[in-house]
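First up is the structure itself, then whatever we jot down about it.
The values are calculated or read from the model by the stated rules, or taken from the named source; none is laboratory data. On a predicted model such as this, the values are computed, not experimentally measured, just so you know. Here the Cβ positions follow ideal geometry from the backbone for every residue, glycine too, while neighbour counts run over all protein chains shown. Heavy atoms of the whole protein, side chains included, go into the accessibility calculation; ligands, DNA and RNA do not. Shrake-Rupley method; radii C 1.70, N 1.55, O 1.52, S 1.80 Å.
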Amino acid sequence: YFTFAVLRLGLALPALLVFHAQPQFLGALYLATSILGIGLQSRFCKRLGILGLFDPLPRRLSFAALSTARHTVAEPLSNWMRIGFPVLILQAIAPPQVITTFVALRAVFGASRTTIQQMARVASVEYLRLQSTRRSELANNVLAGFVQLGTFLGAAIAGLVVVDNLRVLSIWLTHSNRFVFQAVLASFAFSAPFYSYQIVVNLM
């Protein structure tokens, strides 16, 4: 995850700053890196024996397990409510400057949210591994440590953006003013430390 995040950033920044790339080019760049990532993941995971897409189905696989599939729709719906719905509301009641500032800050704070999501994968695997070996106390300590780390990361990102106060970000948000920036920032900064809830949700 981190390798491809750095790869994308390393390719996207020069494309924007040096070559003034258009959105279509960035979309193609992300598509190409995604295909590359899936190919490498399939190869390496298959070599490790943990990706069984082409292996026969287990004989004891219960169709009752499919009943939980309906719950997976909650994640894309909640993501749309968090990402898309606020933009629709702002588009109806706010000037374009507010929308641009909201989308930009959402991208900044989205970096910490996405990082914590990846931490949640590791945390849930480690927690269940320890629980399966009947080391419940250690499992709870590991989970608590991951939650605290996620909370610290969210708070650190929020603190950096608050301290910056549109100094560095003004290079990106050229048409935003500080009052609009601070008003939109408040909605993100106070919630960022609580992004660690994703670790508990992922475990569930």
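Some observations on this one:
- Axis angle, to the nearest 10 degrees, between helix 178-189 and the longest C-alpha principal axis of the chain: 10 degrees.
- Ellipsoid semi-axes for segment 93-204, based on the Cα gyration tensor and the rule √(5λ), read 36, 12, 10 Å when sorted largest first.
- By accessible area with a 1.4 Å probe, ligands and nucleic acids excluded, highest first: order of Leu26, Leu130: Leu26, Leu130
- Derived value for the chain: Kirkwood hydrodynamic radius 20.2 Å. Basis is the mean of 1/r over every pair of different alpha-carbon atoms.
- Share of carbon and sulfur in the accessible heavy-atom surface of segment 73-178 [1.4 Å probe, %]: 68 percent
- The local environment of Tyr195, defined by Cβ-Cβ distances under 12 Å, has a net charge of +2 under the rule Lys, Arg +1 and Asp, Glu -1.
- The chain: most fluctuating residue of Ala139, Ala64, Ala186 per GNM, C-alpha cutoff 10 Å: Ala64
- Inter-label distance for Gln97 and Arg82, nm, one decimal - labels placed 7 Å from Cα along Cα-to-Cβ: 3.0 nm
- The accessible-area ordering, largest first, of the residues Glu75, Glu137, Glu126 stands as Glu137, Glu75, Glu126, per a 1.4 angstrom probe.
- Helical mean residue ellipticity (222 nm; -39500 (n - 2.57) per DSSP H run of 4+; nearest 500) of the chain: -25000 deg cm²/dmol
- HN-Hα J in Hz across segment 105-110 - Karplus 6.51, -1.76, 1.60, θ = phi - 60°, x for Gly and Pro: 5, 4, 5, 5, 6, x
- Remark: segment 73-204 carries 60 Å² of accessible area per residue (probe radius 1.4 Å; ligands, DNA and RNA excluded).
- Cα centre as origin, Lys/Arg/Asp/Glu Cβ charges: the chain dipole, Debye: 520 debye
- Charge dipole (the chain, unit charges on Cβ, about Cα centre) - positive-most of Val201, Phe190, Ala107: Val201
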